[in-house]
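The values are calculated or read from the model by the stated rules, or taken from the named source; none is laboratory data. Note that the structure is predicted; figures quoted are calculated from it, not measured. Neighbour counts run over all protein chains shown; Cβ positions are idealised from the backbone, glycine included. Please note that ligands, DNA and RNA were not included when accessible areas were found on the heavy atoms of the full protein model with its side chains. Shrake-Rupley method; radii C 1.70, N 1.55, O 1.52, S 1.80 Å.
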Amino acid sequence: MSGDEAAGVAFPASEGGRRSTSALGQAVVADALARVDPAGALDARRETNWRAGYLTHFRRLIEAGLTSKQAAVSVARDGLASLHRQMRVVGRNGSETGLDSLLTMPARCVLTAATVAGTGAAESELSLPYRGERLCGSALLHRLEAWVTAGVIEPSCAAAVRTVAANPDWLALPGRTVVALGAGAEVGPLSVLLSWGARVIGIDLPGRSSGSESWKRRGAAAGRCSSR
């Protein structure tokens with residue numbers, strides 16, 4: 001571990017000591033393919049320019065999982081197992097162990113929690129953000145048609161959105177509890193889940209504390225949503 005490297009979960013180091021996300025991704029994709037597409041796994045391992053060529057192998061990964069339910073489960077299970085096996089836990093003294101060591105490690109941080117009870121009503125109509133507006137009803141349907149015509153989305157995508165829009169009761173989530181990891185992220189499901197009436201347990205890193213602007217905005221949004 002270099003002197004400026006923080007302790008915690010880290011990517012595996014290569015023989016030269018460099019921690020490469022590309023090398024890890026290449027190895028995980030190859031391991032995920034190994035059982036269902038051995039030739040594809042070999043091609044992934046032999047790829048000499050992963051940064052530019054990874055899309056081909058990711059496509060092959062998806063295609064391999066489409067052949068059957070068993071193949072899809074195999075791809076997911078073997079990929080996750082590979083990731084779990086290769087990721088490392090770096091101690092403050094530079095020692096490295098596998099992820100399983102986290103199960104017995106003492107906690108380094110104390111979790112804190114704040115509860116925000118919503119006072120508003122849950123949304124009862126599907127709406128999508130678009131250029132500073134919320135599209136719903138006929139405006140949403142017209143925009144979907146325009147996107148399909150322009151080739152922005154596939155017709156099947158538009159059909160799926162139309163189906164949800166035609167069944168607004170699907171958006172009702174009272175009594176459902178959802179755990180949102182990385183809840184302070186700008187692009188995340190927290191606000192949408194809250195607007196649909198779900199009880200959301202938002203979890204994020206210590207640096208994104210409840211006093212940060214990000215959490216203040218989300219706390220305000222939760223207060224405006226349904227309390228169901």
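What does the accessible area of S68 come to, in Å² to the nearest 10, when a probe of 1.4 Å is used?
We get 50 Å² for S68.
Farthest toward the dipole's positive end in region 9-74, which of V9, S68, W50, given Cβ charges of +1 (Lys, Arg) and -1 (Asp, Glu) about the Cα centre?
The one lying farthest along the dipole's positive direction is V9.
Taking the Cα atoms only, what angle lies between the long axis of helix 21-34 and the longest principal axis of the chain, rounded to 10 degrees?
With rounding to tens, the tilt is 90 degrees.
Tell me the per residue accessible area of the chain using a 1.4 Å probe; a whole number in Å² is fine.
Numbers: 15140 Å² over 228 residues.
Ligands and nucleic acids excluded, the figure is 66 Å² per residue.
Past the 29 angstrom mark, what percentage of all C-alpha to C-alpha distances in the chain do you count?
On the way: 13830 of 25878 pairs.
Result for the distance tail: 53 percent.
Could you check how much of the accessible area of the chain is carbon and sulfur, as a whole percent, using a 1.4 Å probe?
On the way: 8700 of 15140 Å².
Within the chain, the accessible surface is 57 percent carbon and sulfur.
If you find the alpha carbon centre of region 178-195 and of region 55-101, how far apart are they in angstrom?
Going from one Cα centre to the other spans 25 Å.
Amide H neighbours of R19 under 5 Å, counting only residues 5+ apart in sequence or on other chains, H built in-plane at 1.01 Å?
Hits under the 5 Å cutoff: S14.
Expressed in whole Å with the largest first, what are the equivalent ellipsoid semi-axes of region 19-151 derived from the C-alpha gyration tensor as the square root of 5 times each eigenvalue? Display every interim value, and only then the final one.
Working: eigenvalues 279, 179, 47 Å².
Taking √(5λ) for each Cα gyration eigenvalue gives 37, 30, 15 Å.
Beyond 17 Å, what percent of the Cα pairs of region 1-84 remain?
Details: 1728 of 3486 pairs.
Above the 17 Å cut-off, region 1-84 has 50 percent of its Cα pairs.
If amide H atoms are built 1.01 Å from N in the plane of the peptide, which residues on other chains or at least 5 residues away come under 5 Å of the amide H of L135?
For L135, the qualifying residues are L128, Y130.
Kindly provide the trypsin sites (Lys or Arg not before Pro) of region 1-91 that DSSP labels as loop, not H, G, I, E or B, and whose Cβ sees at most 12 other Cβ atoms within 10 Å. Before the final figure, lay out the partial values.
On the way: sites: R18, R19, R35, R45, R46, R51, R59, R60, K69, R77, R85, R88; in loops: R18, R35.
Answer by residue number: R18.
Check A10: other-chain or 5+ apart residues with amide H under 5 Å from its amide H, H built from backbone geometry?
Here R88, V89, V90 satisfy the definition.
Could you tell me which residue out of G40, W196, A159 lies farthest along the dipole of the chain toward its positive end? Charges go on the beta carbon: Lys and Arg +1, Asp and Glu -1, centred on the Cα centre.
It is W196.
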